[in-house]
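The values are calculated or read from the model by the stated rules, or taken from the named source; none is laboratory data. Computed from a predicted structure; not experimentally measured. FYI the Cβ positions are ideal-geometry reconstructions off the backbone, even for glycines, and counts take in every protein chain you see.
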């Protein structure tokens, strides 16, 4: 691993705790564990990971100085940038990202992570790994479409998916049969890809924008959930009841060409997430649910 440098600014804690990915689990050491390309990977606060996929996954080629200069347009976002310096967007695999954000609908981050952990531990494959002692359990890979398609609505409900279970199962079955391609929205570009996603039952504008941003890297995406709608409505539009589409159009236009980064900084800052400070104690480790 490479020691963090001014040339590659990365705050692991805020990047992985800001609701843009749900597949990282904190060990006793404070390092985060995940499975990428079938193998265990680590991301530790204070260092820049150098495993093969890290450059793309953590968007280490993004020029944060340029991005900050572009989106720093008012006191609110200025405070968000100051509090979250080094937080980057992620770029994750489309299948897992799509399912993860389908599960996120009307859900909390804690519940999303618990449901997805149950899903992968029950249906996913074991991996070639060095040692999961720090995490406390052997983390399995996210289930493939075929593995997920072999489940049932009842089983997915037992994992915590609730009303989302039927839609997730139907998407897995369609994907396993070749009737749906998780990579197709990314290939189509932002506008057409977003429309393609929203044809899927259980995927609305917010989920579609999350997939296009966090898997496709389309910076014009400005996902709007209940929280973003409230914060942007209050701070920028002076209307906490502003329509979702009005908030999305405002964010995409006001913060272009890096609307996606601005959205994540607004979300994380308003939720109380901050960049990890030197000497800060690591949080509690993850545990699979029984």
Taking segment 125-156 and keeping only residues that are closer than 20 Å to residue 22 by Cβ, buried (at least 16 other Cβ atoms within 10 Å of the Cβ) and free of Cβ contacts under 8 Å to residues at least 60 places away in the same chain, one is left with 143, 144, 145, 147, 148, 151, 155, 156
With the requirement that a residue be touching a helix residue (DSSP H, G or I) at 6+ places or on another chain (Cβ under 7 Å) and more than 18 Å from residue 107 (Cβ to Cβ), what does segment 226-247 give you? 231, 232, 233, 235, 236, 237, 239, 240, 241, 242, 247
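Considering only segment 1-71, give the helices (runs of 4 or more DSSP H) lying wholly within it that have at least 2 residues that are more than 25 Å from residue 127 (Cβ to Cβ), touching a helix residue (DSSP H, G or I) at 6+ places or on another chain (Cβ under 7 Å) and at pLDDT 90 or above. I'd like the intermediate steps shown before the answer.
Working: elements: 12-16, 54-57, 64-71.
Hits in segment 1-71: 64-71.
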Out of all the residues in segment 123-144, is one or more in contact with a helix residue (DSSP H, G or I) (Cβ under 9 Å, 6 or more places away or on another chain), at pLDDT 95 or above and under 18 Å from residue 202 (Cβ atoms)? yes
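Which residues, taken from segment 193-204, are out of contact with any helix residue (DSSP H, G or I) (no Cβ under 7 Å at 6 or more places or on another chain) and either in a helix (DSSP H, G or I) or without any contact (Cβ under 8 Å) to a residue 24 or more places away in the chain (or both)?
Quick first cut of segment 193-204, residues out of contact with any helix residue (DSSP H, G or I) (no Cβ under 7 Å at 6 or more places or on another chain) only: 195, 199, 204.
Answer for segment 193-204, where residues must be out of contact with any helix residue (DSSP H, G or I) (no Cβ under 7 Å at 6 or more places or on another chain) and either in a helix (DSSP H, G or I) or without any contact (Cβ under 8 Å) to a residue 24 or more places away in the chain (or both): 195, 199.
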The condition from (1) farther than 22 Å from residue 208 by Cα; (2) modelled with pLDDT of 95 or more; (3) in contact with a helix residue (DSSP H, G or I) (Cβ under 6 Å, 6 or more places away or on another chain) that residue 288 misses is numbered (2)
Which one of these does residue 33 not meet: (1) closer than 24 Å to residue 140 by Cα; (2) surrounded by fewer than 16 Cβ atoms within 10 Å (Cβ to Cβ)? (2)
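What residue, of 211, 232, 168, is within 16 Å of the chain's Cα centre (by Cα) and either without any contact (Cβ under 8 Å) to a residue 24 or more places away in the chain or surrounded by 20 or more Cβ atoms within 10 Å (Cβ to Cβ) (or both)?
Values: 232 fails: within 16 Å of the chain's Cα centre (by Cα); 168 fails: within 16 Å of the chain's Cα centre (by Cα).
Criteria check complete, one pass: 211.
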